[in-house]
Each structure stands twice: as structure tokens, then as C-alpha cells.
Amino acid sequence: MVNDIHLRLNASERSYFAILKREVALLATSANFSPKRLAEIDIVVAEMVSNLVKHANGGEILVKLIEEKGVQGIEIICIDNGPGISDVRNMMKDGVSSTNTLGNGLGAIQRLSNFFQIYTHKGWGTILLSRIFAKELPVSRVSNPIEIRSLVVPKPGETECGDNFSVKQTQEHIKLFLGDGLGHGKDAAIAVNTAIDAFNLCESDSPVENIRFIHNSVKKTRGLVGTIAIFSLKNKQWKICGVGNISTRMFSSAIDKTLTSYNGIVGLNIPKTMNDHLIEYIPGQLIMMCSDGIKSKWDVLKLPGIMRNDLSLLNAALFKDFTRNTDDSSIASCKISL
């Protein structure tokens, strides 16, 4: 079963490593991986953890099951605040090491991954992104012009997450919903998951009408804040509406626009009058939404070249620098290049 929530695993001390590897193995075993592929996932995690020990004095691993083109997989993100890598291309070569070891780490991770990407900056740290699938993905001659990625992480110490993200894609529209149940823990999770169920049922292409539908569906919960963004593939236009403190920004070569949400709590009190915010499409446009588990003054543009990377890596960089660690955290990104 694919769950949009990342499992967050501490890798700051050696004593955590056995637990970390076991947790990843348990998650991977629940998917359709062969014994050979499970062993390769174990190697990738071991190499990531080894790099954290040798080069960064610890860090953390984020992991979740994914599915692409009908094939199950696992996404593993390794984050550290170490010194960064000065020459990535050279360090990817087998036998190259900065700590007098065999130097097989990054090269092994890349070889065993279906997709691998690294972002590093001197004095900032390093993020590794690996996606491993149960089998090879079907080959497509045309690249997918729509990229959607999310990072949803519970508050430290919590087993359930009050934030969540959902996508609905049809021939006419791409519909995105990021919700944050009030507080955190079980009751917040019930609120946001009830909202997602309602979002998936609502057939309207108006974010305002979606929010009203969700509002009426979650009145027996503690409530939530949320933003809905709907892109019309026919009209090449975004419609966006939010209630509460979900931070939403639109990036393109021409704009960096922050969108304002309405005051209120979905399920308790929302404005009687709301309007969809209309934004015309610009090729390569990127929309990012963050819950208040991410500091309000977040900014990814300060990181050199970050926008050229996979959106999961972009989300991880934002999480690394701006998570509060006092609440559930969620980031959703969508880039369309029609």
C-alpha cells in the first residue's frame, strides 16, 4: 500500500543504525520487491548511513513507498548538515574517498537506484535522493510534462500525521490538495484524512466549491486548514483557493508570487464569500504549498541551482532548512511543462 507520508528516521548516532535499517526493510518488504531487490535496498541504506557517519556526523533518512506507471517502488532521501561535497563528479567514481576508505558509496547507490540525484553545497550539507522500483519502469518515448512530488512528515515523536496531500488527475484537470488538521496526532490525522476522502469525492473544478464540500464533510472532526489548486489542461489556467495558514507560492521565469489564503478553519468556520484565484499558465511554472510546520519565511531560491533538480530533492532541501520540528510538516510541489 502506498502512503504519502514519509517515515523519518534519525541517523545522528551509530546506535540508531540497526533500527533504521530494520524499519526501511520492513517498509520495503510490504511492497512487491524480490529478495534480490530487497538486498539492494539494504545496501543503498547502508551506504547512505555509512556516508553520514564518515562525512557529516549524522543526519536523517526519509523514506516512503511510491508507485509510478503501475510499478511499486521506494523513495529514500538522505539529509545531512555536513561540509558538503566539493567535487561531486569525482566522488561518484569507485575508489575515490575523502576518508581513506574503499570509496564505493555514492557509486553503489547510483548503480542500484532506478533514479538517483544529489544536491550539495559547500558549508550547507548534502541531500541524496534514490528511487528504487520492484521492476524496470515501462519505457516512454515522451517525457512526462507533469511532475508532482510531496514530502509529509509527522511531528517528532508522533506515529500519526495531521498533515496530508492528495492528487486527482483526469483528462481535463490536475487537482491538488494540501491539508493540515488542527494540532497533531490521531485527531488531526482523522480530520485531514476525512478531508482527503471528501476531496476525492468532489467533482467540481472550482477550488472554492471543493473547500465548501470538504467543510460540510469534516464538521464532526476538529477541523483543518487547507489549500486546493486546480489546473485546467484545456484552458491552461490555475484556480487556487485556501483557508488558513497554508503557504502557497508560484514560481516561473517571470514571477515569484505568494498567494493569500482566507481566514478560517475548514469544518468550523469559513467565509461566506470566497473566490477562486486565477493564474495564467507559464511554461515550466512551479507551484509549492507548505503547512505551518515549515517556517513562514521559507525560500528555496537562495540555494544555487536547486530549481534544476527533481521536486523531491527540492522539497527535501526546503524541509532541511525550514522545518520547525514542533509540528507535522508538509510540502507539495507541482511543475508543468506543456
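Each value in this text was obtained by applying a stated rule to the coordinates, not by laboratory testing. Model, not experiment: these values are computed from the prediction. Cβ coordinates were reconstructed from backbone atoms using ideal geometry, including for glycine residues, and neighbour counts include every protein chain displayed.
How far, in nm, would the chain grow between S296 and K272 when pulled straight, counting 0.36 nm per residue and subtracting the alpha carbon separation?
Values: separation 24, 0.36 × 24 = 8.64 nm, distance 2.65 nm.
Difference between extended and current length: 6.0 nm.
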Original post:
Tell me, how many Å apart are the Cα centres for the stretch 318-334 and for the stretch 120-160?
Top reply: 14 Å
Original post:
What order do you get for 139-151, 308-320 when each peptide is scored by the mean count of other beta carbon atoms within 10 Å, highest first?
Top reply: 308-320, 139-151
Original post:
What number, in percent, do you get for the relative contact order of the stretch 202-321 if the mean sequence gap of Cα pairs under 8 Å and at least 6 apart is divided by its residue count?
Top reply: 24 percent
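Using the count of nearby Cβ atoms within 10 Å as a rough guide to exposure, how do F133, F177, F322, F231 rank from fewest to most? Kindly include the intermediate steps, with their values, before the conclusion.
Working: F133 21, F177 28, F322 18, F231 25.
Starting with the residue having the fewest Cβ neighbours, the order is F322, F133, F231, F177.
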Subject >> Bins of 10 Å from zero: percent of alpha-carbon pairs in the chain >> reply: 5, 25, 33, 24, 10, 2, 0
Original post:
What distance in nm separates the simple spin-label points at R14 and N200, each placed 7 Å from Cα in the Cβ direction?
Top reply: 4.5 nm
Subject >> Most mobile listed residue (I127, I43, I214) in the chain, GNM with C-alpha springs under 10 Å >> reply: I43
Subject >> Calculated [θ] (222 nm, deg cm²/dmol) that DSSP helices of n ≥ 4 give over the chain, each run adding -39,500 (n - 2.57) >> reply: -7500 deg cm²/dmol
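Within the set of other residues whose C-beta is less than 10 Å from the C-beta of N57, count the net charge using Lys and Arg as +1 and Asp and Glu as -1.
Numbers: positive: K54; negative: E13, D80.
Spelling it out: positives minus negatives among the neighbours equals -1.
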**OP:** Using a/c under 1.5 as the rounded threshold, could you call the stretch 7-133 rounded, prolate or oblate? The axes a ≥ b ≥ c are square roots of the C-alpha gyration tensor eigenvalues, and prolate needs a/b larger than b/c, oblate otherwise.
**Re:** prolate
Subject >> Likely footprinting exposure, L137, L278, fewest C-beta neighbours within 10 Å first >> reply: L278, L137
Subject >> Span from the the stretch 239-315 Cα centroid across to the the stretch 1-80 one, whole angstrom >> reply: 29 Å
Original post:
Going toward the positive end of the dipole of the chain, with +1 on Lys and Arg Cβ and -1 on Asp and Glu Cβ, which of T126, I77, L224 do you reach last?
Top reply: T126
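Treat the count of other C-beta atoms within 10 Å as a stand-in for reagent exposure and order T29, T273 from fewest to most.
On the way: T29 12, T273 6.
Final ranking by Cβ density, sparse to dense: T273, T29.
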